[in-house]
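Structure first, then comments.
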Amino acid sequence: MMSTATGKTALALGSAALLLLYGAAGALAQKGGDEIVLGAAVSLTGKYSVNGKNTKDGYDIGIKRLNEMGGVKVSGKTYKLKVVYYDDESTPARGAQLAERLINQDGVKYVLGAYSSGLTKAIAPITEKYKVPHVEGNGAARELFTEGYKYLFAVLSTSDYYLRDAVNLAAEVAKEHGRDPKTMKIAMAFENDPFSLDVRAGIVEAANKQGMKIVIDDKLPPEINDMAATLTKVKAVKPDLLLVSGHEKGATLVVRQTAEMKVDVPIVATTHCDSAKIAENLSKLAEGVLCASQWDRKLSYKDKWFGSADDYAKAFEKEFKYPAPYQAAESTASVLVFADAFQRAGSLDPEKVRDAIAKTDIMTFFGPIKFDETGKNTAKPMVLYQVRGGDYKVVAPTQWAETKMVYPRKMSQ
Amino acid sequence: MDNLRLLFDAPVLSVQLLLDGILIGAIFALAAYGMTLVWGVMNIINVAQGEMVMLGGYVAFYLYKKGIHPLFGVPVAAVLLFAIGWALYRLVIFRVVDKDLFISILATFGLSILIQQLANEFFGADVRTAESGFGTYTLFSGAVTVTQIKLIAFAVAILTGAVLLWFLRKSRMGQAIRATAQNARAARVMGIDTDRVYAWTFALNAAICGASGALVAMTWIVHPYLGLPYTIRSFMIVIIAGLGNVLAVFATALALGAAENFAGFIFGAEYQAAFIFGLLVVILVSRRVWLARERRYLA
């Protein structure tokens with residue numbers, strides 16, 4: 001009897017405390033006080049938990065730095081920034097639900113993006129409905145920006161840009177070696193998901209422009225664990241380029257299996273190799289592979305908040321004890337966009353903030369940010385690395401590059 | 001059908017596909033041995049089969065991280081997974097063993113989700129590999145490659161199959177397992193502790209899956225969501241091969257691996273799985289027709 005009584009009391013107390021917490025969060029956001037509250041649903045559990053944590057860490061370090069520098073000044077008054085987080089469990093339905101909750105219950109008027117295109121796609125209609133500005137750095141799908149959303153802004157390059165430059169770089173190199181790019185053959189394999197299919201669409205456009213021929217075009221199933229069948233084909237038709245996009249799995253498999261099956265293609269490029277850590281984990285096997293990335297610490301971008309890209313990376317590593325992935329950098333950049341827009345808007349009215357965001361034209365450690373009328377950042381180019389001796393070297397875009405690409409790729413024996 | 005023409009133009013590709021298929025088939029066989037055992041003896045379809053493979057993969061990966069050659073992961077994973085399998089039986093499986101098949105499917109489905117999420121929590125969602133450092137043999141002046149790790153996996157699969165056969169035929173526990181499979185009640189009457197038999201069967205299944213998982217991590221990759229394809233493949237293999245028939249399981253697995261590889265080559269990777277499931281339907285239908293005819297003769 002005793003135990004049930006205490007149990008009930010504990011339950012009552014617990015729920016009371018919970019109610020109080022909700023109330024407090026809501027009141028805080030509504031009152032505003034000296035704080036501007038942003039909201040974000042991020043994936044802390046589920047399949048995106050690694051990237052979700054990168055996203056959250058990126059937001060946190062941005063907020064921390066802005067607050068250390070005194071916060072943001074909006075028409076003479078200084079505000080500190082704060083983010084309310086929820087865990088979206090890596091599922092779009094949950095993300096949409098949490099966005100509703102952030103806006104309706106917590107009174108959040110500005111939303112930071114979730115991780116992945118799928119979740120962003122689920123949340124964008126909600127922020128649109130409530131006319132809440134939504135700046136994101138981790139939803140790269142092209143279709144996010146063909147819906148006519150007015151309140152959605154992305155600081156990153158959309159996914160169709162990921163491997164476009166690999167094709168253009170190949171054409172450049174071919175000309176240097178006295179070869180007509182029109183004689184080049186492309187083999188490609190993509191996971192059957194919206195992101196990878198966008199990457200594919202970008203490559204097809206670039207290949208058509210360069211007059212290259214696509215000889216293999218495989219779609220990998222999402223549960224892909226083996227690329228042997230595709231690579232056997234690649235080995236047989238001897239293309240000049242092999243392009244793969246299948247998240248971390250695809251990157252790891254293509255590196256490992258091209259080495260094991262001795263599939264020697266002069267240019268091999270893939271997405272997600274930095275998050276798959278191919279240079280670190282498969283250093284010798286990965287030699288010469290090209291990787292697409294949104295950002296790199298070695299780029300010479302600079303801003304007033306963090307300094308250079310490298311300064312940002314150092315600050316991040318000091319704070320979180322792991323090297324800054326681009327997923328974190330683009331998240332931090334989203335926070336900077338908000339801070340800049342608050343100051344220029346001179347108001348906390350979401351409508352005015354939205355208009356200020358649309359007119360953003362800033363340089364950050366992450367690269368230039370300027371949105372086109374659909375809300376995507378078209379000012380920043382993608383980066384291509386080449387894995388060399390267990391490290392990543394920036395080889396494109398050529399004006400920011402550290403070094404020239406080794407062509408053809410020299411596979412380790 | 002360009003791909004088909006490619007096969008005729010360069011027949012050596014068929015050798016590559018066949019070899020690769022047979023060698024990966026051996027790894028499927030390992031996962032399927034246990035499923036046929038658990039299904040045959042306990043009448044449980046273990047949906048968490050693939051998750052045990054995944055756990056085995058992580059054992060190999062963590063050994064590799066510690067600087068120990070991941071090949072030791074094969075026995076270590078087997079031992080660890082045996083213990084986990086035993087514990088799972090004592091915690092969950094014994095409650096559903098005599099129940100409806102549907103209940104046990106639900107229970108093991110729940111287990112599979114739980115194990116997946118725990119792995120995600122503790123090991124992280126990163127894609128990992130355990131580098132075995134083994135090389136590659138080349139045949140036909142480089143046109144065909146065979147990785148040594150796949151050959152090792154093949155050898156492990158044959159060895160495990162042989163040991164399993166010997167164990168079931170000769171050992172005391174093996175005989176008890178077979179007796180229980182034939183008639184659990186009669187076995188109990190004869191003084192066999194069927195509860196213990198079930199625990200052994202389930203733990204043995206987990207151990208074999210663990211060993212195959214270690215090989216998977218060395219051959220390809222390991223991540224928390226690796227399991228499902230292995231569960232589905234073992235399920236298919238057992239359906240075609242029949243319950244409790246280790247040799248048929250092995251043969252079916254090799255055939256499945258080869259078929260899958262050829263399908264992936266000819267139709268493209270996106271139809272690899274679809275082709276296999278199509279094949280399953282054809283096999284089941286034709287077997288039914290064949291069995292029905294057989295029954296008519298008997299009548």
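The values are calculated or read from the model by the stated rules, or taken from the named source; none is laboratory data. Predicted model, so just to flag it, every value in this text is computed and none were measured. Cβ: placed from backbone, ideal geometry, glycine included. Neighbour counts: every protein chain shown.
A count restricted to the stretch A:120-144 and to residues that are under 26 Å from A:Glu35 (Cβ atoms) and hydrophobic (A, V, I, L, M, F, W, C) stands at 5. For A:Ala341, state whether it is surrounded by fewer than 23 Cβ atoms within 10 Å (Cβ to Cβ), over 18 Å from the mean Cα position of the chain (by Cα) and of a type in the set (A, V, I, L, M). Taking the combined requirement at face value, the residue does not satisfy it. Mind checking which residues of the stretch B:143-181 are part of a helix (DSSP H, G or I), crowded, with 20+ Cβ neighbours inside 10 Å and within 14 Å of chain A (Cβ to nearest Cβ)? Once the filter is applied, which keeps residues that are part of a helix (DSSP H, G or I), crowded, with 20+ Cβ neighbours inside 10 Å and within 14 Å of chain A (Cβ to nearest Cβ), the stretch B:143-181 yields B:Ile149, B:Lys150, B:Ala153. Scanning the stretch B:1-29 for residues that are within 12 Å of A:Lys233 (Cβ to Cβ) and of a type in the set (A, V, I, L, M, F, W, C) returns B:Leu4, B:Leu6, B:Leu7, B:Ala10, B:Leu13, B:Leu17.
For the stretch A:327-334, indicate whether the set of residues that are within 14 Å of another protein chain (Cβ to nearest Cβ), without any contact (Cβ under 8 Å) to a residue 40 or more places away in the chain and under 18 Å from the mean Cα position of the chain (by Cα) is non-empty. Within the stretch A:327-334, not a single residue is within 14 Å of another protein chain (Cβ to nearest Cβ), without any contact (Cβ under 8 Å) to a residue 40 or more places away in the chain and under 18 Å from the mean Cα position of the chain (by Cα).
Here is the figure for the stretch A:265-282: residues that are at pLDDT 90 or above and of a type in the set (D, E, K, R) total 0. Among the numbered conditions (1) farther than 30 Å from A:Ile369 by Cα; (2) within 18 Å of the chain's Cα centre (by Cα), the only one that A:Lys277 does not meet is (1). Filtering B:Gly257, B:Gly244, B:Gly264, B:Gly191 for residues that are surrounded by 16 or more Cβ atoms within 10 Å (Cβ to Cβ) and at pLDDT 90 or above leaves a single hit, B:Gly257. In the stretch B:140-165, the residues that are over 17 Å from B:Ala31 (Cβ atoms) form no Cβ pair under 6 Å with any partner that is of a type in the set (Phe, Trp, Tyr) and in a helix (DSSP H, G or I), whether six or more places apart or across chains. Note on the stretch A:377-413: among residues that are exposed (fewer than 15 other Cβ atoms within 10 Å of the Cβ) and of a type in the set (Lys, Arg), the one that is nearest to the chain's Cα centre (by Cα) is A:Lys404.
Within the stretch A:64-95, if we keep just the residues that are over 18 Å from the mean Cα position of the chain (by Cα) and part of a helix (DSSP H, G or I), the residue that is surrounded by the fewest Cβ atoms within 10 Å (Cβ to Cβ) turns out to be A:Glu68.
Checked against (1) buried (at least 24 other Cβ atoms within 10 Å of the Cβ); (2) part of a helix (DSSP H, G or I); (3) within 11 Å of chain A (Cβ to nearest Cβ), B:Pro224 passes all but condition (2). For residues in the stretch B:108-135 being over 22 Å from B:Met218 (Cα atoms) and crowded, with 20+ Cβ neighbours inside 10 Å, which is farthest from the other protein chains (Cβ to nearest Cβ)? Out of the qualifying residues, it is B:Thr108. Does B:Val249 count as in a helix (DSSP H, G or I) and surrounded by fewer than 13 Cβ atoms within 10 Å (Cβ to Cβ)? In short, no. Do you know which of the residues in the stretch B:197-227 that are β-branched (Val, Ile, Thr) and over 14 Å from the mean Cα position of the chain (by Cα) is farthest from B:Thr108 (Cα to Cα)? The qualifying residue farthest from B:Thr108 (Cα to Cα) is B:Thr219. Taking each residue of the stretch A:212-231 that is more than 13 Å from B:Gly268 (Cα to Cα) and assigned by TED's automatic domain parsing to the domain that holds A:Leu169 and looking for partners that are at pLDDT below 90 and charged (D, E, K, R) with beta-carbon atoms closer than 7 Å, six or more apart or interchain, yields A:Pro222/A:Glu191; A:Pro222/A:Asp193.
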